[in-house]
Amino acid sequence: MNLLRRLPWSTLALLAVLLLVQAQLWLGNSGKPYTMKLQLELDKQTALNDQARARNEQLVAEVRDLREGLEMVEERARWELGMVKPDEILVQVARPR
């Protein structure tokens, strides 16, 4: 206590402010522990988003393959089997030999 009595009041006031700031930093609602908790939640959500993005890319690739696959089947049926749609007329042009 003798040490505190010897210090000027301005030093005591600055120490009190420093303690309040540190208390707010470590114990307050927006302090370090809360920030660390939010960072963990953000990391988890980022991982979930990456998984969803990968799954979406896979689904887009599957849809593209199905569309191209159907187009290829239709093209082959038209070329090799001479199939036509109901409202089409088939015209084949033979190349001279």
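The values are calculated or read from the model by the stated rules, or taken from the named source; none is laboratory data. All of these numbers come straight from a predicted model, not from anything done at the bench. Cβ sites come from the backbone with ideal geometry, for glycine too, and all protein chains shown count toward neighbours.
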Filtered residues of segment 1-29 (kept if exposed (fewer than 10 other Cβ atoms within 10 Å of the Cβ) and among the polar types (S, T, N, Q)):
ASN2, SER10, ASN29
Can you name every residue in segment 54-97 that is surrounded by 10 or more Cβ atoms within 10 Å (Cβ to Cβ), modelled with pLDDT of 80 or more and either over 43 Å from the mean Cα position of the chain (by Cα) or at positive phi (or both)?
MET83, VAL84
